[in-house]
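The values are calculated or read from the model by the stated rules, or taken from the named source; none is laboratory data. What you are looking at is a predicted structure, and each value in this text was computed from that prediction instead of being measured. Here the Cβ positions follow ideal geometry from the backbone for every residue, glycine too, while neighbour counts run over all protein chains shown. For the accessible areas, the whole protein counts, side chains as well, though only heavy atoms, and no ligand, DNA or RNA atoms are used. Shrake-Rupley method; radii C 1.70, N 1.55, O 1.52, S 1.80 Å.
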Amino acid sequence: PSAMREVILEVPKVSWKDIGGQQEVKMQLMEAVEWPQKHQDAFENIGTSPPTGVLLFGPPGCSKTLLARAVASEAKLNFLAVKGPELYSKWVGESEKAVKSLFAKARANAPSIIFFDEIDGLANIRGKENDGVSVGDRVMSQLLVELDGLKKRVNVTVIAATNRPDKIDTALLRPGRFDRLVYVGPPNEEDRTEIFRIHLSKMTCSSDVCIEELACLSEGCTGADISLICREAAMAAIEENIDASEVRMEHLRSAIEQVQPSDVDSYEELT
Ligand code: ATP
């Protein structure tokens, strides 16, 4: 039995334009991921090494996964995604093997990115006993060994994401590991305008749709909330007229009323 399902290798098709707002984060990702892979000599010439790993943190639904996929896509890097808890197997030895083969696969397909979603999930399984051995601890040590191995000139970048930076094993945050921390926050009104525009541009909309008003009405909503609002509005439009459906302002207004904003304010209290 394998410790985890085969990790799928892909070059994602997400462009920076598909993500509303997050200008600063996009810049930071280009600097930390694209530049080191494309301009290794520049870093060597000036006598510094680029950051090894990037940790994206922030409330759910604010585009961490989307950003990781976009940087891979924009820089034309292969992309391997795993969720933290997937690295755990109850079979002795299998979990370490899974971590090892993940990094081997990334090196074999370099230039590449390994994306660890829910990296805090690794801390939860730390200390969990199995046949007297702590599987979580062994996964963590293997992961640290692999991360430290990336310091040598290899074209593999690691990006991790978490909603709970406070729950991350601090060993992961030491220099040479996930040493670049980037906050991915909720959208402001201008960002929400962009996000509505991105999602509605894929739909047939009536000319009465006012995106600026939608951005104003959706205070407190995340990108994921806005995506849901647009989908709900489209469903309502279809229900109304299945043959010639178009999304009108009233569909969007009532979808905003139905969708509970993610209340990202509580995020700061949590962490
Ligand atoms: P989680 O922590 O829950 O995994 P996340 O921060 O990784 O969340 P994503 O999975 O990237 O968030 O976002 C979920 C969906 O919400 C995206 O697939 C996209 O449809 C939409 N979305 C979120 N933020 C944006 C944005 N800034 N622009 C456009 N769409 C967005």
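Among the residues making up segment 24-63, those that are over 25 Å from Gly149 (Cβ atoms) and in contact (Cβ under 8 Å) with a residue 40 or more places away in the chain are Val25, Lys26, Gly58, Pro59, Pro60, Gly61, Cys62, Ser63. In the set (1) farther than 21 Å from Asp148 by Cβ; (2) at pLDDT below 90; (3) open to solvent by less than 70 Å² (accessible area, probe 1.4 Å); (4) more than 15 Å from the chain's Cα centre (by Cα), the condition left unmet by Pro12 is number (4). Within segment 79-102, is even one residue farther than 27 Å from Pro175 by Cβ, modelled with pLDDT of 95 or more, open to solvent by 50 Å² or more (accessible area, probe 1.4 Å) and among the basic types (Lys, Arg)? No, that holds for no residue. Selection of helices (runs of 4 or more DSSP H) fully inside segment 180-271 by the criterion of at least 1 residues being buried (at least 20 other Cβ atoms within 10 Å of the Cβ) returns 189-200, 211-217, 223-240, 249-258. Just one residue in the set Val156, Val182, Val259 is within 16 Å of the ligand (Cβ to nearest atom) and closer than 30 Å to Arg107 by Cβ; that residue is Val182. For segment 129-158, name all the residues that are hydroxyl-bearing (Ser, Thr, Tyr) and either open to solvent by 60 Å² or more (accessible area, probe 1.4 Å) or modelled with pLDDT of 85 or more (or both). Hits for segment 129-158 are Ser141, Thr157.
Which of the residues that make up segment 60-98 are among the small types (Gly, Ala, Ser), within 16 Å of the ligand (Cβ to nearest atom) and either touching a strand residue (DSSP E or B) at 6+ places or on another chain (Cβ under 8 Å) or at negative phi (or both)? Full working, then the answer.
First, pick out the residues of segment 60-98 that are among the small types (Gly, Ala, Ser): 61, 63, 68, 70, 72-73, 75, 81, 84, 89, 93, 95, 98.
From what is left, the residues that are within 16 Å of the ligand (Cβ to nearest atom) are 61, 63, 68, 70, 72-73, 81, 84.
The answer is Ala68, Ala70, Ala72, Ser73, Ala81, Gly84.
Conditions tested, residue by residue: (1) open to solvent by 20 Å² or more (accessible area, probe 1.4 Å); (2) modelled with pLDDT of 95 or more; (3) within 10 Å of the ligand (Cβ to nearest atom).
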position: Trp16; (1), (2), (3): yes, yes, no
position: His39; (1), (2), (3): yes, no, no
position: Ala42; (1), (2), (3): yes, no, no
position: Gly58; (1), (2), (3): no, yes, yes
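Of all the numbered requirements in (1) surrounded by 14 or more Cβ atoms within 10 Å (Cβ to Cβ); (2) not in a helix (DSSP H, G or I), Arg69 misses one, and that requirement is (2).
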